[in-house]
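Q: Quick one: the structure is below, and I'll ask about it shortly.
Just so you know, all these numbers are worked out from the coordinates, no wet-lab data involved. Every value quoted in this text rests on a predicted model; they were computed, and no experiment measured them. All Cβ positions, glycine included, derive from the backbone under ideal geometry; neighbour counts span all protein chains shown.
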Amino acid sequence: MSAPTPEPADGLAAAPGAGPAAPERVRASARAVAALVCGAVSVALVSVVALVPVPFAVESPGPVRDVLSGEGDQRLITITGARTYPTSGSLDLTTVRVSGGPGRSLDLGGQVAAWLDDDSAVLPAAALFPPGATEEQVDQSNAAAFTGSQQAATVAALTELGYDVPVRVVVTDVVTGSGAAGLLRDGDVVTAVDGSPVTGASALRDAVRAVGAGGRAGVEVERDGARQDVVVPVGAGEDGSPVLGVLVSERAEPPVDVRIAVDQVGGPSAGLVFALGVVDLLTPGEMTGGQRFAGTGTIDSTGAVGAIGGVRQKMLGARAAGAEVFLAPQANCAEVAGHVPDGLRVVAVSTLAQARRAVEEVGSGGGRDLPGCP
């Protein structure tokens, strides 16, 4: 019995009748194995690096919701205590989807993908979230801002329609080390500054600015049912602007009950659209004329419209949902100019009254001279 023929050391079987494998073939096989190993290692390293968290966040277009028609059988805005009227068309609130930030860290792969996506914006996480904030704190802050925007929208809308809605400005926190520390307290109701009535948070802000950083403000408050007069040194914020050193909230008891039900939306940027929805529901006729409007903007109880973040992504979301007219805060015009999607018309507004007039004019077939964002 003959001994079995040994296999070649490199695992390559020789052809019948051929001699041992040539050295060149052995070297070529070794190089191929080395290349495969290096390639596998490179892929593994790239995969690991792509999953490393980075200090950035990504803004992309989020869901669009019509405050007039609502979702399913439930209208997003319900009103009791006053007659409401049929509506048509749409008033869409626009949102931004944010990836990254506290508790939702973004990896390098997601960052690169966002860089390659024209609809997304990559920003330092610090530009969107307070330093050191936790995921829970961010969620609580967004929820509080959203609740505040609903109340401000209600007050602004009812005031626009001629209702009398008194607003109380209540101290909710006193900043440690500020001029107000030891002088003002949580629960104080600020009624006047240097004799000027405080009818809302914006009125308080304006009064403090009139005093100026380094000045002394005569603050009148209601405390435990009695009037108190306190002289408070006015400090300077991080940007140098005058600050009183307190956090306040507006509290109102509107004569009409307005409920706004939107899940998974935070922040104050839907205030303008909420206010327009309330105005439309409480007035005869169809303000939109059956057309589809979208918009964004904060609002305070006086009806002033303020700037928001992510306006470019909100315009993209609005256009994708079918909107043809987009109401943007005048203060955001620098970010809007040059970035308006095809087929979308932007109208710049700075007050609820302007926004209402814009919707009514466009809805009736006019509004060609309304200001945009040049």
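Q: How far apart, in nm, are two points set 7 Å out from the Cα along the Cα-to-Cβ line at D369 and at T84?
A: Once both label points are built, they end up 3.6 nm from each other.
Q: Using the Cα centre of segment 167-252 as the reference point, and only Cβ charges (+1 on K/R, -1 on D/E), how large is the resulting charge dipole? Debye, rounded to the nearest 20.
A: Working: 8 positive and 12 negative charges, 20 e Å.
Roughly 100 debye for segment 167-252.
Q: A further question on this structure: Compute the distance in nm between two label points, each set 7 Å from the Cα along the Cα-to-Cβ direction, one at A210 and one at R345.
A: Distance between label points: 4.0 nm.
Q: May I ask you to compute the full-extension gain from R223 to Y163, defined as 0.36 nm times their residue separation minus their alpha-carbon distance, rounded to one decimal in nm?
A: Numbers: separation 60, 0.36 × 60 = 21.60 nm, distance 2.76 nm.
18.8 nm is the gain from fully extending R223 to Y163.
Q: Given H placed 1.01 Å from N in the peptide plane, which residues other than close sequence neighbours of R345 have an amide H under 5 Å from its amide H?
A: V325, F326
Q: Given H placed on each backbone N at 1.01 Å, which residues far from G62 in sequence or on other chains put an amide H within less than 5 Å of it?
A: Here T95, V96, R97 satisfy the definition.
Q: What do you get for trypsin sites (Lys or Arg not before Pro) in segment 291-374 restricted to DSSP loop and a cutoff of at most 14 other Cβ within 10 Å of the site's Cβ?
A: Numbers: sites: R292, R312, K314, R319, R345, R356, R357, R368; in loops: R368.
Here the sparse-neighbourhood loop sites are R368.
Q: Something else: Placing +1 on the Cβ of each Lys and Arg and -1 on the Cβ of each Asp and Glu in segment 263-374, which of N332, Q291, G267 has its Cα farthest towards the positive end of the resulting dipole?
A: N332
Q: Follow-up question, since we're still on this one. Among 187-197, 240-250, 300-310, what's the highest-first ranking by average C-beta atoms within 10 angstrom per residue? Before the final figure, lay out the partial values.
A: Details: 187-197: 16.5, 240-250: 18.3, 300-310: 21.5.
Going by the mean number of other Cβ atoms within 10 Å, highest first, we get 300-310, 240-250, 187-197.
Q: Also, I was wondering about something else. Stretched out fully, how many nm does the piece from E135 to T147 gain, at 0.36 nm a residue minus the Cα gap? Please report the intermediate quantities before stating the final value.
A: Working: separation 12, 0.36 × 12 = 4.32 nm, distance 1.84 nm.
Result: 2.5 nm gained on full extension.
Q: Sticking with this one: Report, by chain and number, residues whose modeled amide H sits under 5 Å from the one on F56, excluding near sequence neighbours (fewer than 5 apart, same chain).
A: Under 5 Å from the amide H of F56 lie the amide H atoms of L106, A125, each far enough along the sequence or on another chain.
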